[in-house]
Structures are given as structure tokens and as C-alpha cells.
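Any read-out appearing in this document is the output of simple, stated calculations on the displayed coordinates, not a laboratory observation. Since we're looking at a predicted model, the values are computed, not measured. Here the Cβ positions follow ideal geometry from the backbone for every residue, glycine too, while neighbour counts run over all protein chains shown.
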């Protein structure tokens with residue numbers, strides 16, 4: 001079955017690779033970027049040449065999101081699958097991030113997702129069927145030093161995804177989460193840093209650890225042949241090709257040693273979730289309507 005797919009964050013490694021792989025599989029694909037000009041111009045041309053439709057979308061702007069979704073539906077004559085992938089990172093001593101810094105991270109990773117869902121869900125609910133895939137992270141529910149601001153936004157994203165999963169299953173809309181480990185991509189170098197440099201001085205040598213630690217981590221994962229964004233794109237393409245209703249809720253994509261621990265965590269969480277839903281008499285909300 002060929003799908004009509006919206007991919008946000010098509011300018012990033014996961015997004016652009018997923019767009020290309022999905023088009024090669026014969027799916028209709030529209031990718032989004034904040035702008036198709038400037039630094040994205042050459043990439044936009046390559047994606048369009050490969051058969052990917054593109055629209056401008058700024059997830060921090062509700063009108064832009066609504067317009068982008070409407071354009072996507074018009075371009076493909078419909079929409080049945082959403083890969084909610086756009087996101088930004090943050091790295092630094094947590095106290096040194098201002099509230100505005102955190103707002104910037106959450107505006108894309110959390111509020112941006114909510115804006116997108118509010119734009120696409122009326123269409124998916126009306127047609128009675130659809131699939132949503134969210135990009136989270138292996139540290140989406142685990143916090144590591146200096147990446148807490150980023151993890152906090154992914155914790156929130158995972159909570160939104162859990163809520164949508166239950167509330168949308170009865171409408172025939174399935175939900176999935178991709179949890180990649182760290183990949184050696186431009187995302188690592190583009191992470192937001194704390195704005196309060198004066199406060200950072202009070203941490204002494206520790207203030208430099210976030211950047212040294214991140215650099216060491218990138219150097220490490222660059223030595224792992226399979227730890228690359230292509231594996232994430234392949235996992236997304238495989239999920240989309242998996243029959244409706246048979247997709248796993250969470251998929252971990254990692255070759256650096258995190259996979260087994262995160263999958264164990266996920267299995268425990270899934271069982272706990274079932275127990276909590278059952279105790280509250282709402283277990284049926286986890287059942288997807290396949291009619």
C-alpha cells in the first residue's frame with residue numbers, strides 16, 4: 001500500500017533521508033522546512049529532484065503550520081501518515097539556561113508538535129484512519145548530565161504521544177515513537193547553549209564539560225559503523241510499510257550499547273501502562289479501531 005506522508009524537519013538528517021527512502025518506495029511525500037531558500041536552497045533542490053514535495057513550515061508559528069498542512073493535503077490529494085520529526089537540541093549546565101532558552105527548546109519540540117497535531121488531526125479523524133510517528137530519543141525518558149533541557153522536552157513529547165495514542169485509537173489513528181540514540185549529524189553541533197555566561201563562571205571548570213563531553217561522544221559514535229542516520233530513516237520506512245495496527249508503539253534505533261537497556265525500560269513501561277489503564281477502567285482506550 002502506498003501512503004501520502006508528511007515529514008517535518010526535512011532539512012535535518014533524519015528527515016531528508018526518510019523523505020528520499022519513502023519516495024524510492026513509491027510513497028507520496030511532502031517534507032517541511034522553515035524556509036526553502038538560503039542555506040536550505042541546495043538541499044531543497046535535491047529533494048525536489050528526487051520527487052519529494054516541499055512546503056515551508058515554521059513549527060513555532062500556528063498560521064505557518066496550518067498553511068503548511070493545508071498545502072500538503074492539496075499537493076498530495078490527501079494525507080494518511082505524519083512523521084513528526086522536527087526538533088532542536090540543547091547542551092549545557094542546566095542552571096545556566098534562562099527560562100527563555102528553555103522556552104525556545106519547548107516551542108519546537110513540544111508546542112510545535114501540539115500545533116502540528118491540531119492541524120493534521122481533524123483531517124485524519126474525518127477519514128477515520130491514519131498513522132503518526134514521533135521522533136523522540138533514547139534519552140527521551142532518561143536524563144544524562146548537561147542534556148537535561150533537551151531530555152525534558154522529549155519527556156514532554158513522549159507524554160503527549162502517550163496521551164494521543166489513547167485518545168485517538170478509537171478514531172482509527174495509530175501512534176508510534178522512534179527513539180534514536182545519538183547520531184553523528186549536524187544536529188549535535190547545532191544544539192542551543194545556555195545564554196547566561198556569567199552564571200556559568202560560577203561552575204568553574206564544569207562549565208566547559210558539556211562541550212568537551214559532547215565532542216568526545218560524537219568522536220565515539222563516529223567509530224560505530226551502524227550508528228548513522230540512515231538506520232533511523234530505514235526504521236521509519238519499515239514502520240510505515242508495516243500493516244496498519246501491527247506497528248510497535250516504540251522502536252529503538254541504536255548500535256552504541258543503549259538499545260537493550262532502553263527496550264527493557266520500554267517493556268516495563270508498557271506493562272505498567274496496561275496495569276494503570278486497567279485499574280482505572282480505561283484499558284479499552286489502548287485498542288486501535290481497525291474498521
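Brief remarks on what is shown
- Among the numbered conditions (1) under 21 Å from residue 134 (Cα atoms); (2) over 18 Å from the mean Cα position of the chain (by Cα), the only one that residue 63 does not meet is (1).
- Whichever residue in the range 127-136 is in contact with a helix residue (DSSP H, G or I) (Cβ under 9 Å, 6 or more places away or on another chain) and farther than 17 Å from residue 177 by Cα and, among such residues, is surrounded by the fewest Cβ atoms within 10 Å (Cβ to Cβ): 128
- Verdict on residue 280 being farther than 21 Å from residue 82 by Cβ and under 20 Å from the mean Cα position of the chain (by Cα): no
- Matching residues in the range 161-173 - criterion: being surrounded by 18 or more Cβ atoms within 10 Å (Cβ to Cβ) and more than 17 Å from residue 277 (Cβ to Cβ): 172, 173
- Restricting attention to the range 222-258, the residues that are over 20 Å from the mean Cα position of the chain (by Cα) and crowded, with 17+ Cβ neighbours inside 10 Å total 0.
Per-residue answers, yes or no, for (1) surrounded by 16 or more Cβ atoms within 10 Å (Cβ to Cβ); (2) farther than 12 Å from residue 9 by Cα; (3) in contact with a strand residue (DSSP E or B) (Cβ under 9 Å, 6 or more places away or on another chain):
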residue	(1), (2), (3)
39	no, yes, no
51	no, yes, yes
55	yes, no, yes
61	no, yes, no
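- Subset of the range 263-277 (residues that are closer than 14 Å to residue 165 by Cα, within 24 Å of the chain's Cα centre (by Cα) and touching a residue at least 40 places away in the same chain (Cβ under 8 Å)): 273
- Selection from the range 86-105 of residues that are surrounded by fewer than 24 Cβ atoms within 10 Å (Cβ to Cβ) and closer than 18 Å to residue 177 by Cα: 88, 89
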